[in-house]
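Undergrad: Quick one: structure below, then a few questions.
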Amino acid sequence: MSIFEKFKLGFKNSASKLSEGFKEIVIKKEIDDDKLDEIEEFLISSDVGTEASSKIKSIISERKIDPNLDPIDEINKILNDFIISLMQPLEKKEFFNKKNFNEIILVAGVNGAGKTTTIGKIGKIFQENSNNVIFAACDTFRAAAIEQLEEWSKKIDVEIVKSSAGSDPGSVAYKAIEYAKKKDIDKILIDTAGRLQNKKNLMEEYKKIANVTKKIVPNAPHEVILVLDATSGQNIINQVEEFNKIIPITGLVMTKLDGTAKGGILIAIAQKYKLPIIAIGLGEKVDDLQIFDSKRFAEAFLQIN
């Protein structure tokens, strides 16, 4: 099974619920104001968000669907076009390209979002694009996190800078960057401690790591990637809000889109924040990370073609 087939399969449940939901609402050919309200409410319940759902409702209303056509097909076409027009400008495929400098990438996210696993997968794609990579194990609050990143470093054969559990995470970041500069390493992936966005002391620690990188390279970190768990639903909105306040986010990765999540939440975030989307995680295997493509996302989300 190809990565795109996995991607499409991951959204199969979501798409079935969307299709069935639309069929229940649009029993007759005509879509009147009441039906439009029901479609909007259904999209909101599917985690698409109030703002995006309202825009989709307006587009359906303005389109005035021909009663001689299948209304479900027409709604799907509208959704497909909306998703692509919204999300295509947010693609950031160049993120994985080789750069001619030591690129410092800070990776953040709450506990359980799949952050460390995502770092491993990103490292693999970097390698495939002719980058050499180093990991910085700055999640020093948990010995298991250091061990997990070390396992990924062995799995994809990259170097890792680490220290013992409880060590100052900033010092680990400092050592990793200094080492990368000496060895002329392209990508420095910094694993920060998984933290709740509402824990002020932990968020301050996260900010300190970024400040340490600036001491060595003034314009660092060059990228700040937030890893989000799709199964968290609307709680994700708050995570983006709070993390973005501490250090401006330059890219998102959405994980766990392998059959249990609705997926609409990514549309809601795209509409609200317009942040670049780097990739989507589909599972635990090393190749289960899909570089984000809006057309493929729309096709998988709606199960078209």
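Undergrad: Taking the range 238-291, which residues are surrounded by fewer than 18 Cβ atoms within 10 Å (Cβ to Cβ), among the β-branched types (Val, Ile, Thr) and out of contact with any strand residue (DSSP E or B) (no Cβ under 8 Å at 6 or more places or on another chain)?
TA: 246, 260, 286
Undergrad: Just for the range 37-66: of the residues that are assigned to a helix (DSSP H, G or I) and of a type in the set (Asp, Glu), which one is farthest from residue 301 (Cα to Cα)?
TA: 62
Undergrad: Across the range 47-68, which residue is surrounded by the most Cβ atoms within 10 Å (Cβ to Cβ) among those that are in contact with a helix residue (DSSP H, G or I) (Cβ under 8 Å, 6 or more places away or on another chain) and over 19 Å from residue 85 (Cβ atoms)?
TA: This residue is 47.
Undergrad: Another one. What single numbered condition from (1) without any contact (Cβ under 8 Å) to a residue 60 or more places away in the chain; (2) more than 27 Å from residue 39 (Cβ to Cβ) fails to hold for residue 69?
TA: Failing condition for residue 69: (2).
Undergrad: If we scan the range 65-87, do we find a residue that is over 24 Å from the mean Cα position of the chain (by Cα) and of a type in the set (Phe, Trp, Tyr)?
TA: No, because not a single residue in the range 65-87 is over 24 Å from the mean Cα position of the chain (by Cα) and of a type in the set (Phe, Trp, Tyr).
Undergrad: Could you give me the residue pairs with C-beta distances under 6 Å whose first residue belongs to the range 148-165 and is of a type in the set (A, V, I, L, M, F, W, C), whose second residue is loosely packed, with under 14 Cβ neighbours inside 10 Å and modelled with pLDDT under 95 wherever it lies, and which are 6+ apart or on separate chains?
TA: 165/143
Undergrad: Still on this model: Spot the failing condition for residue 46; the list is (1) in contact with an Asp or Glu (Cβ under 9 Å, 6 or more places away or on another chain); (2) within 17 Å of residue 263 (Cβ to Cβ); (3) at pLDDT below 90, and only one is missed.
TA: (1)
The values are calculated or read from the model by the stated rules, or taken from the named source; none is laboratory data. What you see is a predicted model, and the numbers here were worked out from it, not measured in a lab. No Cβ is skipped: glycine too gets one built from the backbone with ideal geometry, and neighbour counts run over all protein chains shown.
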